[in-house]
Amino acid sequence: MSLLVLFFLIAGLGLIAWLSARMRAARFRRASKARFSSLPSHFGGFVAMWTVLPAAIFLAVWASCAPGLVTDRVLTDPAAVHLPPPGFERAAILTEARLISRGDGFGTPTPLAATLAPAYAAAQTRADWIGATVALLLAFASGAWAFTRIRPDFRARNQIERLIMALLLAAALVAILTTMGIVASLLFESARFFGMVPISEFLFGTHWSPQVIDPRDPGASLGAVPLFWGTFFIGAVIAMIVAIPLGLMSAIYLTQYAAPRMRMWMKPLIEVLAGVPTVVYGYFAALTVAPLVRDFAVAIGVRWASSESALAAGLVMGIMIIPFVSSMADDSITAVPAAMRDGSLAMGATQSETIRRVLLPAALPGVVGGILLAVSRAIGETMIVVMAASGVATLTLNPFASTTTVTKQIVDLLTGEAEFDSPKTLAAFALGLTLFVITLLLNIVALTVVKRYREAYE
Amino acid sequence: MTERASISSTPAPTDWRDAAHQRRMAKRYAAERRFRWLGLGAVLMSAGFLVVLLVSMLSAGLSGFVQTQIALPIDFAHSRLAIDPAKLRGRGADLALAAADLGAATDAAAIAAYGPDGDKLLSDGAWTRVRDQLKADPSLLRRRATVWVPAADRIDIAAKREGAPADEAIVAKLDAARALKTSFNSFFLTSSDSTDPTMVGIWGALKGSLLTMCVTLLIAFPVGVLSALYLEEYAPHNRWTDLIEVSINNLAAVPSIIFGLLGLAVFLNTFHLPRSAAIVGGLTLALMTMPVIVIASRNAIKAVPPSIRDAAFGIGASPVQVVFHHVLPLAMPGILTGTIIGMARALGETAPLLMIGMRAFITAPPGGLRDPATVLPVQIFLWSDQVNRGFVEKTSAAILVLLVFLLAMNGVAIYLRNRFETRW
């Protein structure tokens with residue numbers, strides 16, 4: 001029986017349970033004048049829940065352990081004695097047999113897999129039938145038990161509400177699970193990487209060329225310092241040189257000078273910049289900006305102007321970051337109490353003097369927090385650098401030279417055809433861990449700065 | 001009078017007409033004007049970047065929606081095609097047409113019409129257009145007909161803008177013979193990826209995007225809203241709920257590529273879900289979108305005034321009833337706005353999907369959640385890597401489609417916010 005049919009069967013059983021329990025409860029209500037703690041739909045929900053949930057839980061457990069049971073059963077087949085000892089080859093043959101038994105096989109099958117396939121199909125069918133029968137019996141039995149509990153004085157609502165609360169808590173726990181998943185998978189794969197490459201060579205080595213890794217000393221060509229420098233140079237230096245003045249001045253103009261109508265139009269317009277997909281920025285950078293930057297470099301006489309320069313990627317990234325800086329600055333400037341501004345204006349200071357000497361210093365923590373958040377976003381940004389930055393890791397201060405970044409290297413390392421045990425692919429997870437830690441620290445610092453400042457005025 | 005006298009007895013008043021003072025004031029006012037102009041300049045420059053971006057995509061991409069076609073006269077009656085017209089009706093049509101060598105017949109017709117290099121004027125997929133025509137009108141087989149077929153890439157480029165001089169000459173000649181026309185490229189919206197830029201389309205990627213977004217929405221929306229309800233309405237204040245809160249806020253700021261690494265390590269390597277499938281892409285993006293939805297929902301729930309809860313409690317509702325019957329419906333517009341914004345971000349996301357292998361060359365739209373699929377931003381990324389010049393306009397055209405979707409979603413979000421925003 002297919003999973004879909006089973007699903008509909010159980011859902012149908014649940015529906016029947018809901019309707020019949022509801023009807024029964026409604027009859028109670030008509031029969032007696034007593035007050036009920038629960039509505040008929042609560043009774044319906046209670047029985048439906050008992051019908052569906054145990055079966056669903058059983059199916060989830062069964063689905064995770066059935067493949068193992070099926071394989072065990074296949075191994076008792078007489079043909080299975082010819083299988084190679086446990087290892088990669090054995091797993092491959094078993095997988096192939098499973099695919100053939102499902103009709104998904106392709107190419108000419110190995111003879112052993114072909115002989116095992118019928119046994120596999122039989123075991124699978126058996127497992128499916130056991131699962132389906134037990135699930136349906138379970139649904140029926142627990143549903144019937146719940147149905148017998150329907151009495152006028154039974155508090156079905158409390159039961160239902162307890163289930164809803166459990167569901168809410170489970171939903172909230174997904175966030176923790178995701179965080180744990182990220183940390184665990186990064187740590188686990190990085191630990192394997194640092195088993196092959198000493199952590200100091202990775203963090204402090206200055207030579208990065210993962211294409212040619214010497215198997216005897218993989219750490220020699222996996223020093224990530226050039227990547228860290230490139231990321232910092234593009235994301236925290238060039239992009240910020242573009243984004244901070246433009247974002248800050250835009251925020252100042254829109255909060256202090258602009259007419260309400262202009263603010264109404266320009267603020268969303270600038271915010272659209274944050275909604276443009278980064279792949280579009282990347283294409284813009286590679287197609288339009290990079291050639292312009294190179295032509296400019298050649299025109300001013302730079303010798304080694306690369307078409308994949310740090311400047312092109314950084315410029316476009318800066319444009320992308322403008323709205324982050326400007327909306328954070330906007331928030332913190334408007335949060336400065338009007339009395340401070342009015343006091344300064346009343347003393348005879350011009351508006352720009354008020355802004356520079358009073359508003360900005362007062363808003364500074366918020367602005368700095370916003371800039372730190374923007375830096376964190378720029379460092380984690382991927383597509384622009386994948387499309388516009390080069391793959392060559394260099395330690396350079398020349399913005400026209402090619403540089404590479406952590407995120408670009410992660411993409412490059414993992415989209416190749418390498419197996420999952422090589423230091424090359426595992427290095428991507430080590431880079432990911434570094435990126436995660438750095439952005440996490442930046443975010444924490446930024447949020448603390450912003451929070452502390454907000455408290456000062458409230 | 002006495003008051004004035006007392007004022008004049010204070011230190012000498014500012015002499016507003018003093019030259020030094022005037023100079024100083026002029027300097028200050030000039031600084032003021034400069035600062036103001038700087039601000040205006042920054043605003044205009046930021047908006048200008050957006051305009052430049054849009055204009056460059058429009059100018060490069062609009063021609064992607066237009067296709068150059070060449071008139072191809074084919075004498076079906078004498079072409080010795082082994083097709084039985086009777087078979088073209090009903091189910092056997094595709095099989096019968098596949099068996100006949102239409103490619104060769106098309107090339108032969110082109111050589112007959114336009115000289116020895118005639119077949120090179122047509123796109124490699126030109127014969128599929130002939131096939132579609134035959135399917136639509138089997139009576140063509142008995143006569144001579146003119147079929148409009150897509151031109152080869154280089155002719156297409158030469159017809160739209162500057163191409164190689166030799167191609168320009170061919171275009172001029174064809175144009176003079178009225179054998180060239182440009183029309184709306186509906187094929188671009190209905191076909192999938194291909195190696196030939198004249199035959200590519202975005203439907204496969206669009207369908208992949210839709211499937212992925214479905215998975216994302218189905219997971220991120222319920223989980224996000226429920227956890228927001230829990231945290232805002234029921235959660236006790238203890239170390240556990242603090243931990244949940246901190247993780248949600250952190251997840252919202254984690255770089256998207258990290259979610260790709262998570263998807264790769266957990267969904268592919270641990271759970272062995274199929275590579276490059278919409279379901280894995282949707283799961284990965286759901287984890288990324290969920291914190292955005294949680295944060296937006298919490299703000300919307302927080303905005304519902306306590307008096308509403310108190311009133312519901314007052315007439316005997318249970319905590320669950322208060323939230324699900326009263327608070328949630330009132331917070332819904334805000335929750336939906338946040339959800340749309342989160343989904344728009346997920347729709348434009350590329351990096352995490354590259355990590356889970358959604359960069360394969362896929363020529364058929366995915367049939368289900370486990371089929372190999374690609375999504376629109378990844379398709380743009382793949383096309384942008386192509387050296388073939390014909391792909392430039394296709395990439396920009398696909399970007400335009402993506403931007404239209406995103407702007408529409410953001411527009412709906414803004415409309416919802418304005419329409420349903422309640423001030424309590």
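Per-structure values
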| quantity | calculated |
| --- | --- |
| Distance (nanometres) between label positions extended 7 Å along Cα→Cβ at A:M165 and B:I111 | 8.3 |
| Relative contact order (%) - segment A:158-238, alpha-carbon pairs under 8 angstrom, separation at least six | 21 |
| Of every Cα-Cα pair in segment A:218-455, the percent that sits beyond 29 Å | 38 |
| Highest to lowest packing among A:348-358, A:170-180, scored as the average C-beta count within 10 Å | A:170-180, A:348-358 |
| Kirkwood hydrodynamic radius over Cα pairs of segment B:202-420, then Stokes diffusion coefficient at 20 °C and 1.002 mPa s, in µm²/s | 114 |
| Full-stretch length increase - A:A11, A:T394 - with 0.36 nm per residue and alpha-carbon distance subtracted | 131.9 nm |
| Alpha-carbon Rg/Rh ratio, for segment B:290-392, with Rh computed the Kirkwood way | 1.26 |
| Spacing of the two label points (7 Å from each Cα toward its C-beta) at A:M180 and A:A338, in nm | 5.0 |
| Calculated FRET efficiency for the pair A:V237/B:W16, C-beta based, R₀ 45 Å, to 0.05 | 0.40 |
| Karplus-derived 3J(HN,Hα), 6.51/-1.76/1.60, for each residue of segment A:392-405, Hz, glycine and proline x | 8, 8, 9, 9, 9, 9, 7, x, 8, 7, 8, 9, 10, 10 |
| Charge context of A:I355, other residues only, Cβ under 12 angstrom, K/R +1, D/E -1 | +2 |
| Per-q log10 I(q)/I(0), segment A:217-293, q = 0.18, 0.22 Å⁻¹ (Debye; single scatterer per alpha-carbon; no solvent) | -0.96, -1.11 |
| Cα-based convex hull, chain A, per residue volume (Å³, whole number) | 255 |
| Theoretical FRET efficiency, 1/(1+(r/R0)^6), r = Cβ-Cβ of B:A136 and A:D412, R0 45 Å, to 0.05 | 0.45 |
| Alpha carbon convex hull of segment A:2-159, volume per residue in cubic angstrom | 111 |
| Spatial extent of segment B:68-183: Rg and Dmax, with the Cα atoms as the point set, Å | 14.8, 47 |
| Separation between Cα centres of segment A:314-341 and segment A:221-283, rounded to whole Å | 10 |
| Nearest-10 value in Å² for the accessible area of B:Y29, using the 1.4 Å probe | 110 |
| FRET efficiency, B:D94 to A:T148 (Cβ-Cβ, R0 60 Å, nearest 0.05) | 0.50 |
| Within 10 Å of each Cβ in B:48-57, the average number of Cβ atoms from other chains | 5 |
| Residues of type lysines that B:K173 reaches as a straight line, Cα spacing below 22 Å, ignoring anything fewer than 8 places off in the same chain | B:K120, B:K160, B:K181 |
| Listed peptides B:284-292, B:339-347, A:40-48, A:66-74 by packing density, highest first (mean Cβ within 10 Å) | B:284-292, A:40-48, B:339-347, A:66-74 |
| Highest-first arrangement of A:6-12, B:305-311, B:157-163, where packing means the average Cβ count within 10 Å | B:157-163, A:6-12, B:305-311 |
| Area of B:H78 that stays accessible when all protein chains are in place (1.4 Å probe, Å², to 10) | 150 |
| Ratio Rg/Rh, restricted to segment B:174-320 and using Cα atoms, in which Rh is the Kirkwood radius | 1.23 |
| Local electrostatic count, A:L4, Cβ distance below 14 Å [Lys/Arg +1, Asp/Glu -1] | 0 |
| Proximal lysines to A:K451, defined as alpha-carbon separation beneath 28 angstrom and excluding residues fewer than eight positions away on the same chain | A:K267, B:K302 |
| In degrees, nearest ten, helix A:260-275 long axis to first principal axis of chain A (Cα) | 60 |
| Shielding score for A:183-190, defined as the mean number of other chain Cβ atoms within 10 Å | 3 |
| Point-to-point label distance, B:D196-A:L137, nm (Cα→Cβ direction, 7 Å offset) | 6.1 |
| Rg(Cα) / (2.2 N^0.38 Å) computed for the protein assembly as shown, rounded to two decimals | 1.16 |
| Shielding by partners - mean other protein chain Cβ count within 10 Å, residues of B:313-321 | 2 |
| Spread of Cα-to-Cα distances over 10 Å intervals beginning at zero, given as percent, for segment A:290-415 | 13, 29, 23, 19, 13, 3, 0 |
| Positive minus negative residues near B:V292 (Lys, Arg vs Asp, Glu; Cβ under 12 Å) | +1 |
| Quotient of C-alpha Rg and 2.2 N^0.38 Å, computed over chain B | 1.47 |
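The values are calculated or read from the model by the stated rules, or taken from the named source; none is laboratory data. All values derive from a computational prediction rather than experimental measurement. Neighbour counts run over all protein chains shown; Cβ positions are idealised from the backbone, glycine included. For the accessible areas, the whole protein counts, side chains as well, though only heavy atoms, and no ligand, DNA or RNA atoms are used. Shrake-Rupley method; radii C 1.70, N 1.55, O 1.52, S 1.80 Å.
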